[in-house]
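Each remark here refers to the structure printed beneath this line.
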Amino acid sequence: MLIVGLNGSPKKDGNTAFLVREGLAAAAAAGAETALIHIADAMADQKIPYCTQCSNPCQGACSRHNRLGEAFDLLRRADGLLLGSPVYFGSVSAQLKAFWDKSRILRKEKALLNVVGAGVTVGGARFGGQETTMKALFDMMLVQGMILVGDGHTEADSGHQGSCGQAPASSDEFAIRRVRLAGRRLAEVAAATMTLRRHRA
């Protein structure tokens, strides 16, 4: 079972990356293999950093023999995704949106169908757009046919939409606690739904 975290921030050691790593650590403690993708790295060698819908249906030209393709290959193996983004003007980062727009080839392949997804967001203020950003993350995952979970667990409460933090995230004990619950929930539901992803074998 593989749980992949996506750091949608341009900062590899910022608040979003910190919380994504916390969630992955909790998934690992629950028995999952984990991996982390920094979106900035995956998009670094793209000549055009956003989708232009160069083919329809998508032929995946932008992800052949490059870092984006390596990231997509990891996503093709994933049983769960922890999608993280900072709040940029009330929504996801441009970097994450560009990466996800280029994942049209994964949608064509149904590569993420029934993969379990959870979200984590970080804003500069306590009520700085985290929930609207979380909604955008969920919408992005739903278009891929993913199964969404929040940050609840049998040993805690039923949860919320996901982990919403305030910078600096390393000082936000509530967000840390919630993203750890989300990581455990991801691993739990991914394990329980393995048979739904047999189409990828």
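The values are calculated or read from the model by the stated rules, or taken from the named source; none is laboratory data. Because the structure is a prediction, the values reported are computed rather than measured. Note that we place each Cβ from the backbone using ideal geometry, even for glycine, and neighbour counts take in every protein chain shown. Surface areas here come from the heavy atoms of the whole protein model, side chains and all, with no ligands, DNA or RNA. Shrake-Rupley method; radii C 1.70, N 1.55, O 1.52, S 1.80 Å.
Points worth noting:
- A simple rule links phi to the HN-Hα coupling: the Karplus curve 6.51 cos²θ - 1.76 cosθ + 1.60 with θ = phi - 60°, which for region 154-164 gives 4, 8, 10, 9, 6, x, 9, 5, x, 8, 10 Hz, with x for Gly and Pro.
- Measuring with a 1.4 angstrom probe and ignoring ligands and nucleic acids, residue 184 comes out at about 70 Å² accessible.
- Full extension of the chain between residue 25 and residue 142 yields a length gain of 39.7 nm, computed as 0.36 nm times the residue separation minus the alpha carbon distance.
- Relative to the current alpha-carbon distance between residue 61 and residue 199, full extension at 0.36 nm per residue lengthens the span by 47.3 nm.
- Mean sequence separation of contacting Cα pairs (under 8 Å, at least six apart), scaled by the length of region 1-68, corresponds to a relative contact order of 35 percent.
- Paramagnetic label zone (point 7 Å from Cα along Cα-to-C-beta, residue 101; backbone N under 12 Å) in region 49-66: 49-54
- Sulfur and carbon atoms: percent of accessible area, region 71-176 [1.4 Å]: 57 percent
- Taking all protein chains together, 133, 34 sort by accessible area into 34, 133, largest first [probe 1.4 Å].
- Per residue, region 61-201 exposes an accessible area of 46 Å² to a 1.4 Å probe, with every protein chain left in place.
- Protein-only accessible surface order, largest first, of 67, 197 at 1.4 Å: 67, 197
- Taking Cβ atoms as reference points and 13 Å as the exclusive limit, the residues near residue 182 contribute a net charge of +2, counting Lys and Arg as +1 and Asp and Glu as -1.
- Exposure check, 1.4 Å probe, all protein chains in place: residue 171 carries approximately 80 Å² of accessible surface.
- Pairs of Cα atoms farther than 22 Å apart, region 116-199, %: 27 percent
- Amide hydrogen proximity for residue 165: with H placed 1.01 Å from N in the peptide plane, the residues at 5 or more positions away or on another chain lying under 5 Å are 121, 122, 123.
- Semi-axes of the equivalent ellipsoid for the chain, Cα gyration tensor, largest first, Å: 25, 20, 14
- Normalised by the number of residues in the chain, the mean separation of alpha-carbon contacts (under 8 Å, six or more apart) gives a relative contact order of 26 percent.
- Fully extending the segment from residue 109 to residue 52 would add 18.6 nm, taking 0.36 nm per residue of separation and subtracting the current Cα-Cα distance.
- If you take all other residues with their beta carbon under 12 Å from the beta carbon of residue 25, and give Lys and Arg +1 and Asp and Glu -1, the sum is +2.
- For region 54-117 versus region 125-201, the inter-centroid distance based on Cα atoms is 17 Å.
- Loop-located chymotrypsin sites (Phe, Trp or Tyr not before Pro) in region 27-97 whose Cβ has at most 11 other Cβ within 10 Å (DSSP): 89
- Label-to-label distance for residue 33 and residue 132 is 4.0 nm, based on points extended 7 Å past Cα in the beta-carbon direction.
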